[in-house]
Amino acid sequence: MSEVDALRADTPGTAEAAYFMSAGAALAPLPVDRAIRRHLDLELRIGGYEAATARHDELEAVYGSVARLIGAAPDEIALTENATVAWQLAFYSLPFQPGDRILTGEAEYGANYVAYLQVQRRHGVSVEVVPSDPHGQIDTTALEQMIDERVRLISLTWVPTNGGLVNPAVEVGRIARRHGIFYLLDACQAVGQLPVDVSELGCDAMSATGRKFLRGPRGTGFLFVRREALISLEPPMVDHYSAPWTALDRYTLRDDARRFETWENSYALRAGLGAAVDYALAIGIDRIRERTSALAERLRHGIEDIPRARMLDLGIERCAIVSFALDGVPADDLVAAARAERIVVGTSGPHSTLVDASRRHLGVINRASPHYFNTEDEVDQLVGFLRGQAR
C-alpha cells in the first residue's frame, strides 16, 4: 500500500466522493474522530468535569502540539472556538484612538473587514487598503510608503479565501517590526498546508482554524500572541479563568495567552484538534506543501486548457486553492452538477472579499482545494468534468 493509499484508508470520506473543498472544511482522518469520541465516551461515563481531570495531561499537550506546528511556545497559544473568535479577541484588545490608521490588503477577508468598519464607527479610526502589486499580492513598497506615526495596526490575510494567492507575509512582518507597528495575521487558510514559523513571520498575533487544511473538527481554532505583545493587550471580555478574581475589588490577568480563553469549552473538540495537529506533524508540513502544490498545479494546467474556463488565481506564490469560472455556467449550478458526479467543489462569493471582488468585477466564482489525500486521478476526473460542462 502506498502512503497516499494509507492516508486515504485513514480518511473514510474519500470513498464517498472526490473531495476538493479542504479550504472550506477538510475531511477529517480517523484519529481525529477517535480522539473526539474517546473523550465524549468518557464524559458519558463519568461526567464532564471528571473527564477533563482524567484527560488533563492529554488536553494540556494540545498547546504544545500547536506551538510546535507554528514555531511558538505553549504559553503563547490560546485555544478558541474558531479562527474568527481568535482573530477578534486579538483585534478588539487593541486600544484604538481617534485618528489611528489600520492598513490592510485588497484581498482581506470579509469578517475581518467589517470589524475594521465597526472600530472606524466606534473610535474614529481610518481603514486604508494597501494597493496590490501587478501580481495581485499586497504591494510591500506601497505599504512602506503609507506608514506614518498614526498607523496603529497592519492586518493581513495571509492566504485569502479566493484567488490562490499567498501574500508575502514575511516581508510585511519585517516592515511592521521595523516601524514598531502591531501586526495581526489571519492564517486561517495557511495553517495545515504551508510551513508556519511565527518568528520568521514577525507577527504579534496570528489566528487559525482547525477545520480547514489542518483537518480538525469544526468549532476549533487557536490564537498565537507573541509573549512580548501580551503585556499590552487586555482582552475585550474576561472571566475568572482569563483574569482570576484576586481581591474583592481587583482581578489579575493571566500572564500567558490563556488570558484570551474562558472557563468553558468543548474538551472533546480540543482533543480532536490536538489529534489533527499531531497527524499533520507526523506527515511533515513541508511534504504536505509539496504534494498539495503539485496537485493544485496539475489542476490549474488542466483548467487552462478548457474552452470558456477562466483561471482567477493571483500572486507569485500560489497555494492549494484554485479559483476559476466557466463562462455561461453559474457557480452554484456547477457545484450541484459536480455533486451529482460525486465530485465536491465549492464557491466563493463577493461578500467574502468585497474589495478584491469589486476591483476584479467578480461575482460568485468556483473554488477547488485539493489536499494530500487526493489523487492525480481525482484531479483529472475534475478536469474532465469541467471540460464536459464547458461544451
Residues meeting the amide H criterion for Gly105 (H placed from the backbone, H to H distance under 5 Å, 5 or more places apart or on another chain) are Val130, Thr157
Karplus-derived HN-Hα couplings along the range 264-280 (A = 6.51, B = -1.76, C = 1.60, θ = phi - 60°), whole Hz, x at Gly and Pro: 8, 6, 8, 5, 5, 5, 4, 4, x, 4, x, 5, 5, 5, 4, 5, 5
For the chain, the dipole about the Cα centre with charges only on Cβ (Lys and Arg +1, Asp and Glu -1), to the nearest 20 debye, works out at 500
Percent antiparallel among DSSP beta bridges with both residues in the range 146-291, to the nearest 5? 45
Sites Arg177 and Asp249 - FRET efficiency at Förster radius 35 Å, r taken between beta-carbons, to 0.05: 0.35
Could you give the nm distance between label points at Ala17 and Ser2, where each point is 7 Å from its Cα heading toward the beta carbon? 2.4
Residue-ordered couplings for the range 344-355, obtained by feeding phi - 60° into the Karplus form 6.51 cos²θ - 1.76 cosθ + 1.60 and rounding to whole Hz (Gly and Pro as x), are 10, 10, x, 10, 9, x, x, 5, 6, 9, 5, 5
Rounded if a/c under 1.5, otherwise prolate or oblate - the chain, Cα gyration tensor axes: oblate
Pull up all non-local amide H partners of Arg55: gap of 5 or more, or a different chain, and H-to-H distance under 5 Å with H placed in the peptide plane. none
Among DSSP beta bridges whose residues both lie in the chain, state the antiparallel percentage, nearest 5. 55
Calculate the length of the line joining the C-alpha centroid of the range 222-263 to that of the range 88-166, in whole Å. 25
What list of ³J(HN,Hα) values in whole Hz, one per residue of the range 301-309 in order, does the Karplus curve 6.51 cos²θ - 1.76 cosθ + 1.60 (θ = phi - 60°) give from phi, with Gly and Pro shown as x? 4, x, 5, 4, 8, 8, x, 6, 8
Residues Thr80, Thr11, Thr141, Thr209, sorted so that the one with the fewest Cβ neighbours within 10 Å comes first: Thr141, Thr11, Thr80, Thr209
Under a 5 Å amide H to amide H cut-off, with H placed in plane at 1.01 Å, what residues pair with Arg215 once short-range neighbours are removed? Ala26
Per-pair calculated FRET efficiency, R0 = 25 Å: His351 and Arg308 via Cβ, rounded to 0.05: 0.50
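Read the figures in this text as sums done on the coordinates, not as results from a lab. Owing to the predicted nature of the structure, the values given are computational and were not obtained by experimental measurement. For neighbour counting, all protein chains shown are included, and Cβ atoms are generated from backbone atoms with ideal geometry for every residue, glycine included.
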